[in-house]
Amino acid sequence: MTDNTNYDASNIRVLEWLEPVRQRPWMYIWSTDIKWLHHMIQEIVDNSVDEALAGFCHHITTILHKDNSVTVYDDWRWIPVDKHPKTGKSAVETVYTVLHAGWKFDKSVYKVSWWLHWVWASVVNALSEWLEVTVHKNGHIYRQRYEKWIPQTELEIIWDTDRTWTIVSFLPDKTIFDTIEFSGSTEIARNKQCAYLTPGVAFTFIDEKEWTKNRFFYEWWLKTWLNNLVWNQQRLSTPQYMNVEWNDCLVEIAFQFTNSSNDNTLSFVNNIPTRDWWTHVLWFKSALLNAMNEIWKEKDKIDKKIWEFQNSDVTDGLYAIVNVKIPEPQFEWQTKWRLWNAYVRWEVEKVVYDYLIEEFKKDESAFDKIFDKINLAARARLAAKLAKETILRKNVIAGWVLPWKLADCGKKWMEWTELFIVEGDSAGWSAKSGRDSMYQAILPLRWKILNTEQAAMQRIMTNQEIKSLITAIWAWIKESYDEHNLRYQRIIIMTDADVDWAHIRTLLFTFFFRFMRPLIENGHLFAACPPIYKFSQWKTEKYIYREEETPADHWFDPEKTEVQRYKGLWEMNAEQLWTTTMDPNNRRLNQVSIEDAEEADRLFRILMGEDVLSRKHFILTHAKSVKNMDI
């Protein structure tokens, strides 16, 4: 038992400045995994977007350097460099070393912003090994450097300039984050999203590791994005775009009905992604539902079995982007996943409802096509409900036991557990022999799973590989998905790096995107990265994960190096598979984002869908970039 006799005021520890952030980072960010590593970049870029929304910024560039550091620079109106009256320090040092310092709180500076402008800059500094700020202002270049948030210099003038730039560079602290390896694809998707939402601003992303540069600029923002999202889906209506302002609030909505079977709604507040939708999207859909029901009843097309449509009926096949801009957004937390402002819901519903009633009455032929689709969705819902009740009555679901091929782990709770989905029995045997059986489970699949893009639901639910996936994960699918039943914290797709298994990886992405989307949204889906080569020279071995790397890159003599190419996981024994691909201390995992799954779904619609012209165009466009094709 602890001795309490000497417990006095000296035992109370006072953490100053940014020490609390480093001591308890999860109090300021949700986690220290790769998702929140990327949130560091997002917070700095968000500040530049604030300037763009205020009309003071036109170019924003993000650079991933080879040493995992990041640079963000833009042409906005600079951070002030004069002394702050309260702290006695420069405004730059105040913003980067004092929690809750920022000028978002001053309504005269920003009408609309990303919630706490510059307030989270100090948290980024606290969680970085080093951070450097450079400001081009007043004909001078000002610079200040911090290491683990502590200033190493005063704000100093290092050169003269005639430009106006703000440059922020930082290296995340590897002692705080699980990894400091950024994903280029995640940042490309993020920059592209920002460009869609911020008209008139160019976003550039440079990845020095991959030697790539991407620039995004969209003049017609939401209209262009909606068209790209719908792509080759069969369209039931023309694209609808509305831009309505009231008081100090603005509603921007672009939507279109298609013949697909999913709800594809994206939501934003002041350009901030809101993952859980909440206020503004719920009331957008409520307005859509009310408008449909009212017009339907006016046309006297009431079906007594259906009586009224439900939300899932009218959003079946809906593609929508909802962006609300308001002066004082109230979010759930710094995650910004949910908007709480109650007044927004009434305004959004009223604006959308009036618009829809007017538009549908203008174009009755378009409404009839949409009505037929919604009516079909409602009938399917009722049929599915009846089928589910029948199944439960017959207790068929009790027969859905864990698949016999599943080598389960010892832990019975999901924390830290992992399910590896591997290719074939040979790789499955190596994985089973090499795993840590306490928390790692293995599920081998046969060569090819069902293409869920085109298959009917009945065929999907009777497919053995699909049934194995569903029962092993145990969270069920679609509207019945329940996170509480999830058996593993991480679902890891572990396939070969060749063309055949890239195809299967895409099939799996498509399945999870269409049937277990919350699994991806909640960060449970990952893709393993097995090595492509092994370089051997004397007793030294090096596993290589990038196609373009050569022995010389690792100080090997090219003439004396033995190069082994791994064509499949089955070529590695259990120890090698554990060391290179399964050991948490050495392996490389890519977390699958919803953008990755959406892209896989889009490609599969092109390659496996019914639109022959789109498929032909894609093949002709990408034919020259094909490598390692097996003939």
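The values are calculated or read from the model by the stated rules, or taken from the named source; none is laboratory data. Treat the numbers as computed from the prediction; the structure is a model and nothing was measured. Note that each Cβ is placed from the backbone with ideal geometry, even for glycine, and that neighbours are counted across all protein chains shown. What goes into the accessible areas is simple: the full protein's heavy atoms, side chains included, and nothing from ligands, DNA or RNA. Shrake-Rupley method; radii C 1.70, N 1.55, O 1.52, S 1.80 Å.
For this structure, a couple of remarks:
- Within segment 379-391, tally of residues that are closer than 18 Å to residue 478 by Cα and modelled with pLDDT under 70: 4
- Filtered residues of segment 232-249 (kept if part of a strand (DSSP E or B) and closer than 18 Å to residue 371 by Cβ): 235, 240
- Top-ranked residue in segment 475-500 [being of a type in the set (Lys, Arg) and either at pLDDT 90 or above or in a loop (DSSP other than H, G, I, E, B) (or both); ranked as nearest to the chain's Cα centre (by Cα)]: 490
- Qualifying residue in segment 316-327 (condition: modelled with pLDDT of 80 or more, farther than 30 Å from residue 25 by Cβ and part of a loop (DSSP other than H, G, I, E, B)): yes
- Applying the criterion of being at pLDDT 90 or above and touching a helix residue (DSSP H, G or I) at 6+ places or on another chain (Cβ under 6 Å) to the residues of segment 198-216, the residue that is surrounded by the fewest Cβ atoms within 10 Å (Cβ to Cβ) is 214.
- Restricting attention to segment 46-67, the residues that are in contact with a Phe, Trp or Tyr (Cβ under 7 Å, 6 or more places away or on another chain) and among the basic types (Lys, Arg) add up to 0.
- Inter-residue pairs, beta-carbon under 6 Å, first within 24 Å of residue 321 (Cα to Cα) and assigned to a strand (DSSP E or B) and in segment 192-210, second modelled with pLDDT of 90 or more and open to solvent by 30 Å² or more (accessible area, probe 1.4 Å), 6+ apart: 202/59; 202/217; 204/215; 205/188; 205/214
- Inside segment 160-177, residues that are among the acidic types (Asp, Glu), open to solvent by 50 Å² or more (accessible area, probe 1.4 Å) and within 25 Å of residue 66 (Cα to Cα) make up a count of 0.
- Within segment 241-269, residues that are closer than 26 Å to residue 190 by Cβ reach partners that are assigned to a strand (DSSP E or B) and of a type in the set (Gly, Ala, Ser) with beta carbons closer than 6 Å, at six or more positions or on different chains, in the pairs 241/254; 255/320; 265/320.
- Residue count, segment 230-240 (criterion: open to solvent by 10 Å² or more (accessible area, probe 1.4 Å) and either of a type in the set (A, V, I, L, M) or free of Cβ contacts under 8 Å to residues at least 40 places away in the same chain (or both)): 4
- Within segment 46-55, one or more residues are at pLDDT 65 or above and surrounded by fewer than 17 Cβ atoms within 10 Å (Cβ to Cβ).
- Test set (1) crowded, with 20+ Cβ neighbours inside 10 Å; (2) at pLDDT 80 or above - residue 286 fails condition number: (1)
- Taken over segment 58-79, the criterion of being in contact with a helix residue (DSSP H, G or I) (Cβ under 8 Å, 6 or more places away or on another chain) and farther than 18 Å from residue 120 by Cβ is satisfied by 58, 64, 77.
- Count of residues meeting criterion [open to solvent by less than 60 Å² (accessible area, probe 1.4 Å), in contact with a helix residue (DSSP H, G or I) (Cβ under 6 Å, 6 or more places away or on another chain) and not β-branched (Val, Ile, Thr)] in segment 80-89: 1
- Odd one out for residue 494, checked against (1) surrounded by 15 or more Cβ atoms within 10 Å (Cβ to Cβ); (2) at positive phi: (2)
- Residue 515 under 22 Å from residue 563 (Cα atoms), open to solvent by less than 20 Å² (accessible area, probe 1.4 Å) and either touching a residue at least 60 places away in the same chain (Cβ under 8 Å) or of a type outside the set (Ser, Thr, Tyr) (or both): no
- Tally of residues being surrounded by 13 or more Cβ atoms within 10 Å (Cβ to Cβ) and either within 32 Å of the chain's Cα centre (by Cα) or not in a strand (DSSP E or B) (or both) across segment 554-564: 3
- Residue match in segment 392-414 (condition: at pLDDT below 80, small (Gly, Ala, Ser) and over 33 Å from the mean Cα position of the chain (by Cα)): yes
- If you go through segment 95-146 and keep only what is open to solvent by 40 Å² or more (accessible area, probe 1.4 Å) and at pLDDT 90 or above, you end up with 129, 130, 132, 140, 143, 145.
- Residue check for residue 126: in contact (Cβ under 8 Å) with a residue 40 or more places away in the chain, of a type in the set (A, V, I, L, M, F, W, C), within 23 Å of residue 19 (Cα to Cα) and in contact with a Gly (Cβ under 9 Å, 6 or more places away or on another chain): no
- Among the residues of segment 227-238, not a single one is of a type in the set (A, V, I, L, M, F, W, C) and within 30 Å of residue 82 (Cα to Cα).
- Within segment 135-157, being closer than 25 Å to residue 68 by Cβ and not in a loop (DSSP other than H, G, I, E, B) holds for 135, 143, 144, 145, 146, 147, 150, 151.
- All of 157, 180 fail the test of being open to solvent by 70 Å² or more (accessible area, probe 1.4 Å), at pLDDT 90 or above and over 15 Å from residue 72 (Cα atoms), apart from 157.
- Residue 533 being touching a strand residue (DSSP E or B) at 6+ places or on another chain (Cβ under 7 Å) and either among the polar types (S, T, N, Q) or open to solvent by 40 Å² or more (accessible area, probe 1.4 Å) (or both): no
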